[in-house]
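For reference, the structure discussed in these notes is given below.
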Amino acid sequence: MLDGPRRRLAAFIDRMTLAQQIALAMGVLFVVSLAAVALVAAAITRDVAIARIKDEMRDTARAYAGRLEQEMRERLSDLTLLAASDQMKDVWGGDPARLRAVLDQLAASMDRRAWIGFVRTDGTVASATRGALENQSVASESWFREALAGPTYRDIAGGGTTAPAGAPVAEPGAARTGRAPPAALLALPVAPNRGEIAGALVAQLSLDYADALRRDLIDSDRITPSEIWLLSRDGRMLLGPRPESRPYDAARIAQFLAAKSGALIDDAGTDRALTGFAVADGDDHAPFIDWIVIARQPVRAAFGEAWTLAGVVLAVGLAALVLTLAAASLLARRIAWPLVDLADHADEIGRTAHAGTLPRRHGSREIVRLSGALRGLLRRVGLAEDRISAQSSQHAKDLGDLRRIAESDALTGLLNRRAFLAEAGLALSGTRANDTVGLLMVDIDHFKRVNDTYGHKAGDLVLATVGAAVAEVVRGSDRAARIGGEEFVILTRDVDAAGLLALAERLRAAIGHRDLDVGAARIRVTASIGATLAAPEDRDIGDVMERADRALYAAKRAGRDRVTMRYAPGRLRA
């Protein structure tokens, strides 16, 4: 099953020059190695860039969490200083107007949206900024009793009911309409007499300053998160697109709290996003602070730089590959040039008068050795030719008889190779157009099997039978010869492609109809025939015979007992 592909591959390689084969081998090696290097480098570059981007997103969340902690710590410090101030001892239980002025001043220093109030131990608001909620009871609020015992914190999501109920964050009455922004509630006990609790100092602070912090981070960081969320410890969204929602499940929240900070890719929003997270969990002075800061950036935007870097590395690798292949091709031609030059000069020997030897060539130890060996071989051939010429001149008187004997094949009576080549040379050197000369190469099928099975006498009988068939079919002006072993050649003039193929088919049929009886066995004789027409570009009969021999080889491969035609390169089929 693999014989066909192997033959086609062998034929393809045979048509390639040595330089092309070297360039191809080097090219494959370079493609594999450089492609591997480029892919590995691109992957490393991408991974390094992604790791850096993840670190920057994590650091963004950390910075944001730190700013929030600092803000809340400062607010707690302001409230603590006010609650512990000796100057306020007589104010807590005194004139509400005087206390209100102090609270208004503190609220203005914190945030214009802050609400600060003093709640007595019975839950009544004694005094508050702008007088809001004064004389109202907040005893039912969950934070109130805790505030009398120590510092207390509550997250208040945007759009929900605030605590204390109705405390104005934006303006009086805004909370009752359900339009309150996200806020934080801080409360701590007031003990002016060192142990005696007079009430609780309560501050409800808007968290909209987080937007300003977010803008600062976006403007200052090269990695700009498209969203920053603020979550409570239990996963409720305090600040973000969906207040009071829970974008992450309990397992993810637990992961955030355990890791404290990090980065990951999640699908909590509308798109897959690179998410940096950091837990703001306060310190010994503010242990109740417990937020989770989420900084999110769509994956395509976050990792765009990483993929761009990987693409640049691949592009550089491809450019290097192209340049390397070009250099490999030039180098391969340079290495193969001495061999090509030797082959060109060797091909001219015997074709042109001035070509009698080969030049010395350098390039490698093998080239130098081959050049010397071929030159020595040509010298020995020249000496042999000189000896033959001398012997021939000594026997000039017997030349006529020798020529007749030398030009005939003793077994078939046809011309032998030497005589045929002389006749063919004359046919191609005449004034007639070369494309009217046709050549048939004939090879007896499975001839070796006949010799091995039935002996050489049977083989000789087959050769004589085929020779007789050839002599019967060819015309008087044609030249037929046995050129070696079981190979025959026929030269015919004034013929076109159709006429040459018709002659070949007649010859094939004539041979195929001559079965032989050898003892008790009957031998069926067939032959494969390659046909071609001489072309003006043929240098000599050798080119024509070589083309006919390739056609004969194709007929053998196609199954034998058939005729195959091959045309000169660039010639149209007739």
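Structure data summary
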{"read-out": "Residues satisfying the stated conditions in region 99-118, i.e. farther than 22 Å from residue 86 by Cα and either of a type in the set (Phe, Trp, Tyr) or in contact with a His (Cβ under 9 Å, 6 or more places away or on another chain) (or both)", "value": "115"}
{"read-out": "Cross-chain or 6+ apart pairs with Cβ under 8 Å, region 67-87 first and under 17 Å from residue 202 (Cβ atoms) and in contact (Cβ under 8 Å) with a residue 12 or more places away in the chain, then polar (S, T, N, Q) and surrounded by fewer than 19 Cβ atoms within 10 Å (Cβ to Cβ)", "value": "78/109"}
{"read-out": "Near pairs, Cβ below 6 angstrom, 6+ apart or cross-chain, from region 223-239 (more than 15 Å from residue 183 (Cα to Cα)) to any residue that is at pLDDT 80 or above and hydrophobic (A, V, I, L, M, F, W, C)", "value": "225/295; 228/295; 235/253"}
{"read-out": "Those residues of region 350-374 which are more than 25 Å from residue 20 (Cβ to Cβ) and either in contact with a strand residue (DSSP E or B) (Cβ under 9 Å, 6 or more places away or on another chain) or modelled with pLDDT under 75 (or both), in sequence order", "value": "350, 351, 352, 353, 354, 355, 356, 357"}
{"read-out": "Every residue from region 475-488 that is under 23 Å from residue 523 (Cβ atoms) and touching a strand residue (DSSP E or B) at 6+ places or on another chain (Cβ under 7 Å)", "value": "480, 482, 483, 486, 487, 488"}
{"read-out": "Any hit, region 496-512, residues being farther than 20 Å from residue 564 by Cα, out of contact with any Phe, Trp or Tyr (no Cβ under 7 Å at 6 or more places or on another chain) and touching a residue at least 40 places away in the same chain (Cβ under 8 Å)", "value": "no"}
{"read-out": "Among the residues listed as 438, 467, 519, the single one being at positive phi and not aromatic (Phe, Trp, Tyr)", "value": "519"}
{"read-out": "Some residue of region 160-181 being surrounded by 16 or more Cβ atoms within 10 Å (Cβ to Cβ), modelled with pLDDT under 90, touching an Asp or Glu at 6+ places or on another chain (Cβ under 9 Å) and not in a loop (DSSP other than H, G, I, E, B)", "value": "no"}
{"read-out": "Candidates 505, 472, filtered to the one that is out of contact with any strand residue (DSSP E or B) (no Cβ under 9 Å at 6 or more places or on another chain) and of a type in the set (D, E, K, R)", "value": "472"}
{"read-out": "Number of the condition not met by residue 94 [criteria: (1) without any contact (Cβ under 8 Å) to a residue 24 or more places away in the chain; (2) over 30 Å from residue 298 (Cβ atoms); (3) not in a loop (DSSP other than H, G, I, E, B)]", "value": "(3)"}
{"read-out": "Residue selected from region 301-351 under the condition touching a residue at least 24 places away in the same chain (Cβ under 8 Å) and among the basic types (Lys, Arg), by the criterion surrounded by the fewest Cβ atoms within 10 Å (Cβ to Cβ)", "value": "351"}
{"read-out": "Residue in region 427-437 that is within 28 Å of residue 485 (Cβ to Cβ), touching a helix residue (DSSP H, G or I) at 6+ places or on another chain (Cβ under 9 Å), in the same structural domain as residue 561 (by TED's automatic domain parsing) and modelled with pLDDT of 90 or more present", "value": "yes"}
{"read-out": "Residue selected from region 520-572 under the condition free of Cβ contacts under 8 Å to residues at least 24 places away in the same chain and among the acidic types (Asp, Glu), by the criterion surrounded by the fewest Cβ atoms within 10 Å (Cβ to Cβ)", "value": "546"}
{"read-out": "Region 411-440 residues that are under 16 Å from residue 548 (Cβ atoms), paired with ones that are modelled with pLDDT of 90 or more and of a type in the set (Ser, Thr, Tyr) (beta carbon under 8 Å, 6 or more apart)", "value": "437/492; 438/492; 438/532; 439/492; 439/532; 440/492"}
{"read-out": "Criterion (within 60 Å of the chain's Cα centre (by Cα), loosely packed, with under 15 Cβ neighbours inside 10 Å and at negative phi) met by exactly one of 86, 47, 122", "value": "47"}
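Results for (1) in a helix (DSSP H, G or I); (2) in the same structural domain as residue 418 (by TED's automatic domain parsing); (3) out of contact with any Gly (no Cβ under 9 Å at 6 or more places or on another chain); (4) closer than 20 Å to residue 418 by Cα, shown as yes or no for each residue.
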{"site": "472", "(1), (2), (3), (4)": "yes, yes, yes, no"}
{"site": "477", "(1), (2), (3), (4)": "no, yes, yes, yes"}
{"site": "500", "(1), (2), (3), (4)": "yes, yes, no, no"}
{"site": "505", "(1), (2), (3), (4)": "yes, yes, yes, no"}
{"site": "509", "(1), (2), (3), (4)": "yes, yes, yes, no"}
{"site": "536", "(1), (2), (3), (4)": "no, yes, yes, no"}
{"site": "547", "(1), (2), (3), (4)": "yes, yes, no, yes"}
{"site": "551", "(1), (2), (3), (4)": "yes, yes, no, no"}
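Rundown of residues vs (1) surrounded by fewer than 19 Cβ atoms within 10 Å (Cβ to Cβ); (2) in the same structural domain as residue 227 (by TED's automatic domain parsing); (3) modelled with pLDDT of 85 or more, yes/no style:
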| position | (1), (2), (3) |
| --- | --- |
| 58 | no, no, no |
| 92 | no, yes, yes |
| 107 | no, yes, yes |
| 114 | no, yes, no |
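The values are calculated or read from the model by the stated rules, or taken from the named source; none is laboratory data. The structure presented is a predicted model; accordingly, all values stated were derived computationally and were not measured. Cβ sites come from the backbone with ideal geometry, for glycine too, and all protein chains shown count toward neighbours.
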